[in-house]
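Worksheet: one structure, shown below.
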Amino acid sequence: MASPKRDRLLNCARHLFETEGFHTTGIDRILEEAGVAKMTLYNNFGSKDMLIVAVLNRASDDMLQKLEGTVSHLNDPYEQILGIFDALAGWYSSEDFCGCMFQAAVAEFPDPESEPAMAARRHLMRLTELFLDMTRRAELNDAETLASMLAMIASGANCTARQIRTQTPALHARQIAEILLERACSRRLSPDNPIRPQATKLQTL
């Protein structure tokens with residue numbers, strides 16, 4: 001069972017990291033806000049980086065649980081996929097939306113082998129697995145590739161929403177997802193014709 005001090009430290013750190021960033025938020029500021037001693041940090045997490053990892057892991061759990069909960073009333077996995085983007089739209093329009101912590105972690109920790117960067121990648125893998133479960137239950141063609149595309153679209157929407165602070169990125173992402181799903185449905189009976197990204201030659205302006 002987690003201690004109240006540990007939870008208070010995690011909650012305060014998460015709020016500060018979300019609103020002010022990882023590197024700009026110092027340990028002393030977090031400890032002061034949480035009202036705990038430095039030993040609470042080191043006994044529970046060992047370092048600031050591992051505190052960040054714990055915050056990211058909890059944020060990942062919370063986000064995936066909310067997404068799954070939002071679409072749990074839908075029986076059709078096709079509609080569940082689109083419902084994920086509806087849930088993102090609601091998140092973007094909420095007052096407490098500060099952007100995606102996982103993308104912020106990758107930006108602030110460019111070393112891909114750093115603990116925070118790896119925690120961010122694990123979240124993307126979990127999001128992809130969520131979509132994969134839905135695409136498989138919908139019996140869509142090339143479910144693995146489709147799930148990866150959907151996770152990429154959702155991540156891109158998160159990034160854009162952080163810049164413009166509206167739900168528009170989620171609405172646009174939903175439209176793109178619909179196109180991919182319709183394409184997957186039309187090829188459902190053609191196992192030899194999987195969904196693959198097609199390179200498009202860009203015209204010079």
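Put a plus charge on the Cβ of each Lys and Arg, a minus charge on the Cβ of each Asp and Glu, and nothing anywhere else: the dipole of the range 112-170 about its Cα centre is then about 300 debye. Magnitude of the charge dipole for the chain, about its Cα centre and with charges confined to Cβ atoms of Lys, Arg (+1) and Asp, Glu (-1), is about 140 debye. Put in order of Cβ neighbour count within 10 Å, fewest first, the listed residues M118, M39 become M39, M118.
Any chance you could count the Lys pairs in the chain whose alpha carbons are under 27 Å apart, treating pairs 8 or more apart or on different chains as valid? Can you show the working numbers first?
Details: K5/K38; K5/K48; K5/K66; K38/K48; K48/K66.
Eligible lysine pairs with Cα atoms under 27 Å apart amount to 5.
For the range 52-99, a/c is not less than 1.5, where a ≥ b ≥ c are the root eigenvalues of the C-alpha gyration tensor, and a/b does not top b/c. That puts it in the oblate class.
Sorting H15, H123 from the fewest to the most surrounding beta carbons within 10 angstrom yields H15, H123. I'd like the orientation of helix 4-20 relative to the chain: the angle between its Cα long axis and the longest Cα principal axis, in ° from 0 to 90, rounded to 10. Between the helix axis and the principal axis of the chain, the angle is about 60 degrees.
From the Cα gyration tensor of the range 1-64, with a ≥ b ≥ c the square roots of its eigenvalues, which class applies: rounded if a/c is under 1.5, or else prolate if a/b is larger than b/c, or else oblate? Oblate is the answer for the range 1-64, as a/c is 1.5 or above yet b/c matches or exceeds a/b.
No lab work stands behind these numbers, since they all come straight from the coordinates. Source: prediction; values computed, not measured. Cβ coordinates were reconstructed from backbone atoms using ideal geometry, including for glycine residues, and neighbour counts include every protein chain displayed.
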